[in-house]
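Worksheet: the structure to be examined is printed underneath.
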Amino acid sequence: MLSGDRRVVADAAAEGGVNQNIAFVSAVNNEIFSTPTLENFYTQIYLKIFEQDVNLANSTKLTEETSYYPHVSFSGNLTDYCNVLRYYTGIIFAKELKPYIGLDYTKKARHNWNYQALAIGYINPDREYYSHLASSISKTFTWNKR
């Protein structure tokens with residue numbers, strides 16, 4: 001939180017070109033440039049340094065506990081040339097049981113189009129294990145026959 005007015009500590013400006021008394025050095029992509037090596041240059045430099053009183057209290061504390069729980073799942077898939085269907089269900093034996101069920105489906109359609117859908121649902125979800133839906137559509141472009 002700001003608790004005072006700005007006070008200017010230093011204020012300076014300069015500008016000039018080839019035949020004037022101004023010198024600077026700059027580094028661009030690891031190359032050093034200085035005014036004696038440049039032709040037809042002109043520069044403007046303005047600098048203001050100020051100070052200001054503030055009250056700042058910033059604190060962050062993150063404490064995490066990791067627990068490992070047994071997990072039983074049953075899953076399978078049905079796959080052919082154009083379709084993939086994966087299905088799964090299971091239980092995470094945490095302090096509060098987390099049963100879930102889900103499936104994802106991918107279809108490879110004509111003209112290099114792909115469609116995907118995903119759904120998973122948890123009973124007793126939390127920040128790491130949560131229910132969600134997702135889908136996507138994509139197209140593959142071939143640049144040449146190889």
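The values are calculated or read from the model by the stated rules, or taken from the named source; none is laboratory data. Remember, it's a predicted structure, so these values are computed and weren't measured experimentally. Every residue, glycine as well, gets a Cβ built from its backbone with ideal geometry; the counts of neighbours run over all protein chains shown. When the accessible area is computed, the model is the full protein with side chains, heavy atoms only, and any ligands, DNA or RNA have been set aside. Shrake-Rupley method; radii C 1.70, N 1.55, O 1.52, S 1.80 Å.
Details
- For L78, the conditions (1) over 33 Å from the mean Cα position of the chain (by Cα); (2) over 30 Å from K139 (Cβ atoms); (3) hydrophobic (A, V, I, L, M, F, W, C) all hold with the exception of (2).
- Residue under evaluation S59, criteria (1) under 32 Å from the mean Cα position of the chain (by Cα); (2) at pLDDT 95 or above, criterion not met: (2)
- For the stretch 41-74, the set of residues classified as among the polar types (S, T, N, Q) and either touching a Pro at 6+ places or on another chain (Cβ under 6 Å) or open to solvent by 90 Å² or more (accessible area, probe 1.4 Å) (or both) consists of Q44, N55, N58, S59, T60, T63, T66, listed by residue number.
- Taking first residues from the stretch 97-123 that are of a type in the set (A, V, I, L, M, F, W, C) and partners that are surrounded by fewer than 15 Cβ atoms within 10 Å (Cβ to Cβ) and part of a loop (DSSP other than H, G, I, E, B), the Cβ contacts under 7 Å between residues at least 6 apart in sequence or on separate chains come to L97/N124; I120/S131.
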